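No value in this document is a laboratory result; all are computed from the given coordinates. Every value quoted in this text rests on a predicted model; they were computed, and no experiment measured them. Using ideal geometry, Cβ is built from the backbone for each residue, glycine included, and neighbour counts are taken over all protein chains shown.
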Amino acid sequence: MKKWLLYATIAVALYFFPWLFPSSYYVHLAQGFLYTYIVVAGLNLLVGLSGQLSLGHAGFYAIGAYVTGLCTVSGIPFLLSLLLGVLVCAGAGGLVAMLSLRAKGPYLAMVTIAFGLLIEIVANRWVEVTGGPAGLYLPEASLFGLKLGVVSYYWLIAVAALLVTVLIDNLFTSRFGRTFRAMGNSEVAAATVGVNVRNWKVLAFAISACTAGLGGALFAFQNAYFNSDTFTFDKSILFLVGVIVGGAGTRLGPLVGTIVIFLLPQWVQSLYDYHLLIFGGILLLSLIALPEGIVGGVERLLKQKMKRRTEPNTMESVADEPIQMGSQAGANLQVDGVVMEFDGFRAVDDISMSVHGSEVRGLIGPNGSGKSTTVNMLSGVYVPTRGKLTWKGVDVTHYPPHRMAAAGITRTFQNLQLFHELTVLENVMLGFHLHYRTGFAANLLHTPGFWREEKRFQEESMRLLHFVGLADKAGEQAANLSYGQQRLVEIARALATRPDLLILDEPAAGASLYEVDNIVRVIRKVKQSGIAILLVEHHMEIVMNVCDRITVLDFGKKIAEGDPAYIQSHPQVIEAYLGGEEVTQLVVGK
Ligand SMILES: Nc1ncnc2c1ncn2[C@@H]1O[C@H](COP(=O)(O)OP(=O)(O)OP(=O)(O)O)[C@@H](O)[C@H]1O
C-alpha cells in the first residue's frame with residue numbers, strides 16, 4: 001500500500017473513532033494512548049537509532065507540561081504556548097545531551113536519571129510556580145478562540161500524533177535516519193566518514209525531547225489540571241519499556257510498545273490485586289522471548305522467510321558511468337616525529353614519514369609494532385602525544401576523525417566497522433555524508449530536493465559498488481556478507497567520502513583467496529584513479545606486489561623505508577621478522 005494511502009486510512013480511522021466509541025471514557029483513553037505514543041515514538045529515535053539511552057524522559061514530559069501550562073495561565077494563546085513548550089524542551093534536550101556527551105552506556109543513563117530526578121524535585125518543591133503535589137489548574141485548551149471539548153481535543157492530539165508519525169518516518173528513511181543508525185552501530189566509523197558525532201547526538205536528543213515535551217503538554221490539558229506526582233522515575237522507565245518491548249529502532253515498534261505500556265495495564269487493571277504481577281510478567285516474558293522487541297522479532301522471522309531485496313533499478317544504467325574519486329589533487333601528508341604513549345608505554349616512538357601523490361605506501365611490522373596506533377593517529381582517532389601531522393600544508397595534528405575525513409583522509413578498519421543494521425547500499429550512501437546538501441527541514445518533509453539528492457547518491461553508491469564488484473549485494477544486510485565482501489564494502493564506503501588518502505588497515509584479513517585477489521584488483525584501480533593509499537597488511541605478497549614504497553616499524557620505531565626490493569633485503573627487517581611467523585611470507589613476496 002502506498003504510504004500516503006496508509007496515512008489517509010489512519011487519519012479517517014482516527015477521525016471516526018469518537019463515533020465508533022462514543023463514551024467519553026474511550027475518548028479519554030484514546031487521548032492518553034496517542035500522547036504516550038508521541039513520547040515513545042520520539043524516544044525510539046534516540047534509543048533505537050542513535051543508540052543513546054535515556055532514563056529521564058519524564059523530565060522533558062514535565063517541562064513540556066509546565067511550560068505550556070504556565071504560558072496559557074499567563075494569557076498566551078494555547079497553540080503558541082504549545083510551541084514554546086516544545087521549543088524549550090528541544091533546548092533542554094540539547095543541554096542534557098551536551099552535559100552527557102562524554103558519558104556512554106550506564107554513565108549516560110545516570111546523567112539522564114539525574115536530570116529526570118532534578119525536574120521531579122523542582123516540580124514537587126517549587127510550589128509557588130508548579131503547584132507541587134496540589135497541582136496546577138489550567139484554562140481549557142482552545143484554538144483560535146474556540147474552546148476544545150473532549151472530542152475536539154482528541155482530534156487535536158490525533159493530528160499531532162499523525163504528524164509526528166509522518167515526520168519521524170520521513171527522518172527514518174532519510175540520510176538523517178541512516179546517520180543516527182550508523183552512529184548507533186559504530187561511532188568511530190561514522191566519524192571517519194565525516195559525521196560530527198557530537199552534534200548528531202545533540203540533535204537526536206533535542207528531537208526526542210521535543211516529542212516528549214509535546215506529549216507532556218497534550219497530557220497537561222487533557223483534564224485542564226495536573227500535579228507533580230505524574231513526573232516520576234517510573235514514568236521514564238515506562239516510556240523506555242515501550243520502546244524496548246515494541247522493538248527499538250523499528251518503525252512500528254512505538255505503536256506496539258504503547259499498546260503494551262498503556263493499554264495492557266488498563267486491561268489487566270480489572271484483575272485487581274494481580275494486575276501489577278501480570279503486567280510485570282508479560283513484560284518480562286516478552287523481553288526474554290523477543291530481545292529485539294515484538295516488532296523486531298517479527299521482522300526477523302519474516303526476513304528469514306523472504307530474502308530482503310531493496311536494490312534500486314538504477315543498477316544497470318549506472319554501471320559504466322565514470323565515478324568521481326578524490327579531489328584529483330593527490331595526497332600530501334607529512335608525519336614529523338609522532339609519539340603515542342599509553343600510560344607511559346610508547347606504542348609509537350618518534351616516527352616520521354610522508355605520503356605523496358597517488359602512491360601506495362605500505363606500513364608493515366611484526367604484531368604489536370605500532371601500525372594500528374599509527375593509523376589511528378593519521379585518521380584522527382588518537383591525538384599524538386607528541387609530533388606533528390601536516391596535510392596539504394595545514395597542521396591537522398589535533399583534527400578529530402570527521403575533520404580528517406572532510407580534509408580528505410579516511411580509512412577502513414582492521415576490526416570491521418560496518419553499519420551492520422544498514423544494507424550494503426545504505427552503508428556506501430553514508431560515505432557521501434560530507435557531500436549531501438539538503439538540510440533537516442528537507443529531510444523531515446521529503447521535499448523534491450531531498451528526492452533528487454537521494455537518487456543521485458543512490459546512483460553514485462551503486463557505481464562504487466560496481467567498482468568493488470558488489471553491485472549484486474546492494475540490497476543485502478551488510479552483516480550477512482562474507483568477511484572479504486564486508487571489507488570491500490568498507491572500501492567503497494571510504495571511497496564515497498572522495499578522499500585523497502585512503503588508509504586500509506589489514507584489508508585482506510579474514511578474506512578468502514578469491515576475495516584477496518579481488519581486494520588487490522580494487523587497490524590497483526583506486527591507485528589508478530589518483531588516490532594515495534596507506535596499506536597496513538600482514539599478507540606480504542600483497543604488500544610487495546602493490547606498494548611503491550614501504551615503511552617498516554618494530555617496537556614502535558621506524559626501522560626501514562624504501563621500495564619493496566630494498567625492504568626485502570634489509571637486514572634489520574629480516575631480523576625483525578625472523579622470530580615471527582611472517583618471515584616466510586616476507587620472502588614469498590620476492
Ligand atoms: N589503547 C591502548 N592502550 C594501551 N596499549 C595499547 C593501546 N593500543 C595499542 N596498545 C599497545 O601498543 C602496541 C602497538 O599496538 P598496535 O595495535 O598499534 O600494533 P600493530 O602493529 O597494529 O599490531 P597488530 O599487527 O597485531 O595489529 C601494542 O603493544 C599494544 O598492546
> Along the Cα-to-Cβ line of Arg452, 7 Å from the Cα, sits a label point; which residues in segment 148-183 have backbone N less than 20 Å from it?
Replying inline: 174-176
> What do you get for Rg/Rh of segment 419-498 when both radii come from the Cα atoms and Rh is the Kirkwood radius?
Replying inline: 1.00
>> I need to check one value: relative contact order of segment 419-498, counting alpha carbon pairs closer than 8 Å and at least 6 residues apart, in percent.
In response: 52
> Using mean Cβ contacts within 10 Å as the protection proxy, how do 75-85, 194-204 order, highest first?
Replying inline: 194-204, 75-85
> In a shell of Cβ-Cβ distance under 13 Å around Trp200, excluding Trp200 itself, what net charge do Lys and Arg (+1) and Asp and Glu (-1) give?
Replying inline: +4
> Roughly what would the spin-label model give for Ser529 and Tyr137, points 7 Å off Cα along C-beta, in nm?
Replying inline: 7.0
> Net charge near Ala220, counting Lys/Arg +1 and Asp/Glu -1 over other residues with Cβ under 15 Å of its Cβ?
Replying inline: -1
>> Taking 25 Å as R0, compute the FRET efficiency from the Cβ-Cβ separation of Ala114 and Ser74 and round it to 0.05.
In response: 0.25
>> Need one word for segment 1-231: rounded, prolate or oblate. Basis is the Cα gyration tensor (sqrt eigenvalues a ≥ b ≥ c); a/c below 1.5 gives rounded, then a/b vs b/c decides.
In response: oblate
>> As a test, work out the antiparallel percent of DSSP beta bridges whose residues both lie in the chain, rounded to the nearest 5.
In response: 60
> Going by the alpha-carbon gyration tensor, a ≥ b ≥ c the square roots of its eigenvalues, is segment 1-130 rounded (a/c under 1.5) or, if a/c is not under 1.5, prolate (a/b greater than b/c) versus oblate?
Replying inline: oblate
> Taking neighbour Cβ counts within 10 Å as the exposure measure, how do Leu240, Leu444, Leu55 sort from fewest upward?
Replying inline: Leu444, Leu55, Leu240
> Among 414-427, 393-406, how do they line up from the highest to the lowest mean number of other beta-carbon atoms within 10 Å?
Replying inline: 414-427, 393-406
>> Cut-off is 10 Å between beta-carbons; in what order do Glu140, Glu120 appear when sorted fewest neighbours first?
In response: Glu140, Glu120
> Which of Tyr61, Tyr577, Tyr137, Tyr154 comes first, and how do the rest follow, when ranked by fewest Cβ neighbours within 10 Å?
Replying inline: Tyr137, Tyr577, Tyr154, Tyr61
>> Given contacts defined as C-alpha pairs under 8 Å and at least six residues apart, what's the relative contact order of segment 233-303, whole-number percent?
In response: 35
>> Which order do the peptides 43-50, 32-39 come out in when sorted by mean C-beta neighbours inside 10 angstrom, highest first?
In response: 43-50, 32-39
> Hey, which of these cross-link pairs are over 22 Å Cα-Cα: Lys3/Lys235; Lys388/Lys558; Lys201/Lys371; Lys473/Lys525; Lys201/Lys392?
Replying inline: Lys3/Lys235; Lys201/Lys371; Lys201/Lys392
> Quick one: net charge of Leu6's neighbours, Cβ under 15 Å, K/R +1, D/E -1?
Replying inline: +2
> Residue by residue, what Karplus-based ³J(HN,Hα) values in Hz, rounded to whole numbers, does segment 34-46 have, using 6.51, -1.76 and 1.60 with θ = phi - 60° and x for Gly and Pro?
Replying inline: 5, 6, 5, 4, 4, 5, 5, 4, x, 5, 4, 5, 6
> For the chain, what is the mean residue ellipticity at 222 nm derived from helices alone (per DSSP H run of n ≥ 4: -39500 (n - 2.57); sum divided by total residues; nearest 500 deg cm²/dmol)?
Replying inline: -17500 deg cm²/dmol
>> Run through segment 49-151 and list the trypsin sites (Lys or Arg not before Pro) located in a DSSP loop whose Cβ has at most 15 other Cβ atoms within 10 Å.
In response: Arg102, Lys104
>> Please state the shape class of the chain: rounded when a/c is under 1.5, otherwise prolate if a/b exceeds b/c and oblate if not, all from the C-alpha gyration tensor.
In response: prolate
